Amino acid sequence: MPDRSRVAVLISGRGSNMAALIYASRAASCPYEIVLVTGDRPDAPGLTLAEAEDVPVARLPAPAKGKDLFFAALQQTLEEARVDLIALAGFMRILPAHFVAKWAGRIINIHPSLLPKHKGLKTHAACIAAGDRVSGATVHLVSEELDSGEILGQVEVAVLPDDDDQALADRVLIAEHQLYPRILAEYASRPFDAAWIERQVDGLARRLPEVGRKTSHGSPGWSAGGEKGKLFAIIADQHHGEDAIGLLIKASGLDEMTGLIETQPDKYYWPKYYGVSGWLGLKMNRRDVDWGEVEDWLERSWRACAPHRLTKLMRAAEDF
Ligand code: GRF
């Protein structure tokens with residue numbers, strides 16, 4: 001099992017979602033651990049609870065003393081705690097664009113409505129006013145636009161005829177406490193999930209011309225020039241006792257392969273049996289996979305394997 005993802009929870013208030021994340025993390029099988037709780041209010045009740053639960057807490061000076069200073073201190077605290085993911089749980093500040101960009105794909109939030117419905121504050125009142133029969137909660141990635149990042153999971157909650165916004169909020173909160181730990185766990189596991197990796201590679205590979213799917217000794221692969229074409233990429237999921245979930249691609253030759261493996265052993269490896277046939281292994285079960293780089297490797301490998309008529313077309317299109 002890979003190391004657990006290191007999660008920081010950011011709060012502004014009571015921190016009941018924070019508590020749900022902490023208690024869920026106590027299961028031995030939980031793929032994340034809470035390594036830090038912090039926020040924009042040094043007096044937030046949730047911080048006292050986190051301390052009592054022996055979770056490291058940072059009481060940062062409130063942003064009233066300067067928003068830029070606050071986010072600089074937050075960034076430093078997160079780095080010192082070697083945080084992989086940030087979970088917002090009732091954190092009432094808009095994050096500055098540079099902070100969101102720095103942590104792109106690594107900040108998640110819980111919102112008490114079925115997004116895209118009822119963004120922003122006072123969601124329960126808005127839901128009742130709209131006459132909705134169903135409300136719920138959403139866990140989503142944080143992007144620059146408020147409450148608009150990719151939705152990772154949702155849960156529905158019935159609205160009862162007599163509900164006022166507090167009654168609805170109380171019930172949605174129960175659902176939030178179920179949803180958040182489950183979706184955070186799924187998200188933290190993603191980089192090590194071979195099926196998820198295969199779907200991402202598939203999406204990128206299919207951007208190339210005439211790509212087919214086929215297998216190589218049972219492993220999923222992609223071929224250039226339709227299904228009958230030559231394989232240009234294979235996923236080797238911990239083959240023959242290897243640690244790596246590897247994407248096997250064609251480099252320019254043995255010199256390049258051995259050079260990359262020697263200089264960047266965390267990233268590249270010599271795949272058993274496949275190495276001798278010129279396949280280079282790119283380790284995919286890492287937290288820091290650069291998907292732009294994966295796309296470049298797929299294209300290079302495709303070019304090395306595609307039939308001449310296709311590479312000629314590609315070059316003609318590029319010269320155009
Ligand atoms: C929750 O309803 C959450 O969805 C919203 O703020 C509230 C925080 O509550 N973002 P708590 O501090 O987790 O108890």
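What is the residue count in region 66-94 for residues that are under 15 Å from Arg106 (Cα atoms) and either without any contact (Cβ under 8 Å) to a residue 12 or more places away in the chain or not aliphatic (A, V, I, L, M) (or both)?
So the count comes out to 4.
For region 47-78, enumerate the residues that are acidic (Asp, Glu) and surrounded by 14 or more Cβ atoms within 10 Å (Cβ to Cβ).
Once the filter is applied, which keeps residues that are acidic (Asp, Glu) and surrounded by 14 or more Cβ atoms within 10 Å (Cβ to Cβ), region 47-78 yields only Glu53.
Looking only at region 243-280, filter to residues that are small (Gly, Ala, Ser) and in contact with a helix residue (DSSP H, G or I) (Cβ under 9 Å, 6 or more places away or on another chain); which one of those is farthest from Arg199 (Cα to Cα)?
That would be Ser252.
Name every residue in region 89-135 that is small (Gly, Ala, Ser) and more than 11 Å from the ligand (Cβ to nearest atom), in order of residue number.
Residues satisfying the conditions are Ala97, Ala101, Ala104, Gly105, Ala125, Ala126, Ala129, Ala130, Gly131, Ser135.
Give me a count of the residues in region 143-166 that are touching a Leu at 6+ places or on another chain (Cβ under 8 Å), within 12 Å of the ligand (Cβ to nearest atom) and either at pLDDT below 95 or not assigned by TED's automatic domain parsing to the domain that holds Leu21 (or both).
1
Failed condition for Asp3, given (1) farther than 21 Å from Arg287 by Cα; (2) away from the ligand (no atom under 11 Å from the Cβ), with all others met?
(1)
So which strands (runs of 3 or more DSSP E) are wholly in region 61-142 and hold at least 2 residues that are more than 28 Å from Val35 (Cα to Cα) and at pLDDT 95 or above?
Ranges flagged: 134-141.
Report yes if Leu168 is touching an Asp or Glu at 6+ places or on another chain (Cβ under 8 Å), over 24 Å from Ala28 (Cα atoms) and of a type in the set (A, V, I, L, M, F, W, C), otherwise no.
no
Here is a check on your reading of the model: is Ile86 within 12 Å of the ligand (Cβ to nearest atom), buried (at least 16 other Cβ atoms within 10 Å of the Cβ) and among the aliphatic types (A, V, I, L, M)?
Against the criterion (within 12 Å of the ligand (Cβ to nearest atom), buried (at least 16 other Cβ atoms within 10 Å of the Cβ) and among the aliphatic types (A, V, I, L, M)), Ile86 does not qualify.
Can you name every one of the helices (runs of 4 or more DSSP H) wholly within region 205-320 that holds 1 or more residues which are touching a residue at least 40 places away in the same chain (Cβ under 8 Å)?
291-305, 308-319
The values are calculated or read from the model by the stated rules, or taken from the named source; none is laboratory data. Keep in mind that this is a model prediction, so the values were computed, not measured. Neighbour counts run over all protein chains shown; Cβ positions are idealised from the backbone, glycine included.
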